[in-house]
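Each remark here refers to the structure printed beneath this line.
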Amino acid sequence: MLPAMLLAVVASAAFPAPGTYRYSASLGGQRLGEWSVSVKSSDRGTEIDENSTATFAGMAVAATASLVLGPDFAPTRYEGSYRMASQTPTVSVTLTPSSATVVGGIGGSTRSLALEPNTRHFVVIEPALLAGLFALPAQLRAWSDGAVTWIAPIPGQEQTITTDSASPPPRPAAAPAQDVALSMQGQIPVTIWYDPVTLVPDVVVVPSQNAILTRERS
């Protein structure tokens, strides 16, 4: 009985618990807007629904996105809808373990993508959005991967991103003491400070853009 109970506890901690997680965003120290992700189970797997609103350079922008993960947390479907100025692009990504098809986004074309060399999994992370980053700590723990193929939906591009095993950067003031850092190197380096028990990100730092997402607590 005890081993079964322990397995149940481990399984329940394998991904952030269902619920809504809210974040505030800042750019260069100035509040930019609000992001939220809702985690739920569905007949398609684990689903992360995102809503974001921001004001950048006096322009209101907004986005909604849905990221569906399979039993091993590998992405199977992404849908995004964005509103910026007079543009309202949409994009979808359908994934198998070894291939991905991107429809829409910039140019509205259809693109077929494959895993980058020496990687075993895809991740779907839209630059400036949160859903894919929110899932990343749980995904990498489940896979024990040091490198993954990152798909950016709107540009329809892929690249390899790798974990940075060097000493973590300075801990942000908003990161709780128990949080650990996950630093990823690629075109846009990012560090996620997350709770190692719940796997919920508390702070997401994008140094090159001087941008920070901080979890809000009620």
Practice problem: Take residue 104 and decide whether it is of a type in the set (Gly, Ala, Ser) and surrounded by fewer than 13 Cβ atoms within 10 Å (Cβ to Cβ). | Solution: no
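Per-residue answers, yes or no, for (1) touching an Asp or Glu at 6+ places or on another chain (Cβ under 8 Å); (2) surrounded by 14 or more Cβ atoms within 10 Å (Cβ to Cβ):
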position: 25; (1), (2): yes, yes
position: 38; (1), (2): yes, yes
position: 46; (1), (2): no, yes
position: 50; (1), (2): no, yes
position: 55; (1), (2): no, no
position: 62; (1), (2): no, yes
position: 72; (1), (2): no, no
Self-check item: Counted residues, region 194-218 - those being within 19 Å of residue 48 (Cα to Cα) and assigned to a strand (DSSP E or B)
Solution: 8
Self-check item: Failed criterion for residue 197 (all others in (1) at pLDDT 95 or above; (2) within 19 Å of residue 77 (Cβ to Cβ); (3) open to solvent by 30 Å² or more (accessible area, probe 1.4 Å) hold)
Solution: (2)
Exercise. Report yes if residue 80 is touching a residue at least 24 places away in the same chain (Cβ under 8 Å), in a helix (DSSP H, G or I) and surrounded by 15 or more Cβ atoms within 10 Å (Cβ to Cβ), otherwise no.
Key: no
Quiz item: Within region 125-157, can you find the residues that are within 14 Å of residue 184 (Cα to Cα), β-branched (Val, Ile, Thr) and either in contact with a Gly (Cβ under 6 Å, 6 or more places away or on another chain) or open to solvent by 10 Å² or more (accessible area, probe 1.4 Å) (or both)?
Solution: 125
Self-check item: Residue within region 101-115 that is at pLDDT 95 or above and part of a loop (DSSP other than H, G, I, E, B) present
Solution: yes
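The values are calculated or read from the model by the stated rules, or taken from the named source; none is laboratory data. What you are looking at is a predicted structure, and each value in this text was computed from that prediction instead of being measured. So basically every Cβ, Gly included, is an ideal-geometry build from the backbone, and we count neighbours across all protein chains shown. To get the accessible areas, we keep the full protein, side chains included, count just its heavy atoms, and leave off ligands, DNA and RNA. Shrake-Rupley method; radii C 1.70, N 1.55, O 1.52, S 1.80 Å.
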